[in-house]
Amino acid sequence: MRDPRGHHVLRPDDLAPANIRVWLNGSDTPKEARDYLKKTFEAQNPGSTLTIEEQQWTGLVEKLTTALSSESQTPDVVEVGNTQAPTFTTVGAFSDVTAETATWGGSDLLKGFVDAGSVDGKTYAVPYYAGSKYVFYRKDMFEKAGVKVPTTMTEFVNTAVALKKANAATPNFSGFWLPGKDWRNAVTFIWAKGGDLAVNEGGTWKGALSSPKSQEGLKVVQTLFKDASGAAKDGAETDPQVPFCHDEVAMLSAPGWVKGLIGDAAKGCPDKLAQVGVFAMPGDDGKPAPVLLGGSNIAISAKSKNQVLAKKAVTLMLSKEYQTILAKNGLTPALNSLSSQLGTDEFAAATIAAASNAKLTPAAAGWASVEGAKILEDFTTGIATGGDLATLATATDAKLTEQLKK
């Protein structure tokens, strides 16, 4: 219920027992965390239940747009990609949780994610977890091919090409796995050369893929598609652990939580961890290359009839107990003070190194609409299938500029 000024006020339904629906995306949130959330919430709120409904990242923006606009369809709590959060916060789809943010962690929360979920000084979506991409590699394949862990981006590309050649007898083998739609990994090479996806010029966002520096990075991407990757030219980056664990991939750039999927037979991945090493993607200067800081925010639907219970669910999701479970499964926790829970092994070291130079997508309110329209997926697929870089970039820049006006 809202007062004449549009502020949410309590009504009897807010305090009554209810089933709280939580939308979580993909398989990133481990089962241990899901079980903890449901069991603890129901124990703390007798008579109420909590149901986790797993959604897919593909098509999520469209599905959220529909569900969040309907009181009868809306979930109570939703996970949304950190790059998608600004679009929903700017249209009033989420409840104002500014007052609660202090008790949920305050300054201990990942600042970039708080910023992504805030508008005009108010917070509507809070951090859930983060994850910088780093490279998982097969030690046995490196040894067999006679290559070493690369320390520069040039070495990385040469190593990826050499690994593919060394395993030419394996169909669709990838020295470096790069499906055609995987712009989230492709952008690393654009950023490493000083380019960008879009830039803000005088308050207006414009596509920047045609710039000389972006084109230089895209030449690297084109080489990887052509000479290093055997992934589908029109494929997405979902379930990367499957080809990796089935001896079809030597190097894979993915967030740390993929470690939890490697060795999980239920996810189609026989145990290969003993043969896996990791390193941060190297830049041209030998330091970590800028990689996409992925991750999620969580928010409460403004149309949820169960605001109080929904806030209790979010309180649990940001608790030290819950966030520690995420950290121990390779996800960078929402609370900075828990980063030590990532561990001290090489996986934790790679996470920390990769995060040291990680970047976010352009901070444009319309960025989620760019992702929803699959503009960048179409762009990188065009490159993977042999399209001309300059022509594709010019056309895509026009689409980005138009979309970012909305």
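The values are calculated or read from the model by the stated rules, or taken from the named source; none is laboratory data. Fair warning: this is a prediction, and the values are worked out from it, not measured in the lab. With ideal geometry, Cβ positions are generated from the backbone for all residues, glycine too; neighbour counts draw on all protein chains shown.
Of the helices (runs of 4 or more DSSP H) lying entirely inside region 168-260, those containing at least 2 residues that are farther than 21 Å from residue 360 by Cα are 212-223, 241-245. Quick check on my filter: what residues within region 300-347 are acidic (Asp, Glu), over 23 Å from residue 35 (Cβ atoms) and either free of Cβ contacts under 8 Å to residues at least 60 places away in the same chain or touching a helix residue (DSSP H, G or I) at 6+ places or on another chain (Cβ under 8 Å) (or both)? Once the filter is applied, which keeps residues that are acidic (Asp, Glu), over 23 Å from residue 35 (Cβ atoms) and either free of Cβ contacts under 8 Å to residues at least 60 places away in the same chain or touching a helix residue (DSSP H, G or I) at 6+ places or on another chain (Cβ under 8 Å) (or both), region 300-347 yields only 345.
Scanning region 94-133 for residues that are closer than 27 Å to residue 347 by Cβ, under 19 Å from the mean Cα position of the chain (by Cα) and either in a strand (DSSP E or B) or in contact (Cβ under 8 Å) with a residue 40 or more places away in the chain (or both) yields a total of 13.
Using the structure shown, decide if residue 397 is more than 18 Å from residue 206 (Cβ to Cβ) and either surrounded by fewer than 21 Cβ atoms within 10 Å (Cβ to Cβ) or in the same structural domain as residue 181 (by TED's automatic domain parsing) (or both). The answer is no for residue 397. If only residues of region 65-98 that are surrounded by 16 or more Cβ atoms within 10 Å (Cβ to Cβ) and farther than 21 Å from residue 313 by Cα are counted, the one that is modelled with the highest pLDDT is 65. When the test is whether a residue is among the hydroxyl-bearing types (Ser, Thr, Tyr) and more than 17 Å from the chain's Cα centre (by Cα), residue 253 does not pass it. Of all residues in region 356-374, those satisfying the criterion of being closer than 18 Å to residue 188 by Cβ and either modelled with pLDDT under 85 or assigned to a loop (DSSP other than H, G, I, E, B) (or both) are 356, 357, 358, 360, 361, 362. So which of 277, 263 ends up being assigned to a loop (DSSP other than H, G, I, E, B) and in the same structural domain as residue 184 (by TED's automatic domain parsing)? Just a single option satisfies the conditions, and that option is 263.
Yes/no per residue for (1) surrounded by fewer than 17 Cβ atoms within 10 Å (Cβ to Cβ); (2) closer than 20 Å to residue 321 by Cβ; (3) touching a residue at least 12 places away in the same chain (Cβ under 8 Å):
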residue	(1), (2), (3)
28	no, yes, yes
32	yes, yes, yes
37	no, yes, yes
63	yes, no, no
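Within the span defined as region 282-305, every residue fails to be outside any loop (DSSP other than H, G, I, E, B) and surrounded by fewer than 21 Cβ atoms within 10 Å (Cβ to Cβ). Restricting attention to region 167-208 and to residues that are without any contact (Cβ under 8 Å) to a residue 24 or more places away in the chain and over 27 Å from residue 375 (Cα atoms), the residue that is surrounded by the fewest Cβ atoms within 10 Å (Cβ to Cβ) turns out to be 169. With respect to residue 22, determine if the residue is under 17 Å from residue 126 (Cβ atoms) and either free of Cβ contacts under 8 Å to residues at least 12 places away in the same chain or not hydroxyl-bearing (Ser, Thr, Tyr) (or both). It is true that residue 22 is under 17 Å from residue 126 (Cβ atoms) and either free of Cβ contacts under 8 Å to residues at least 12 places away in the same chain or not hydroxyl-bearing (Ser, Thr, Tyr) (or both).
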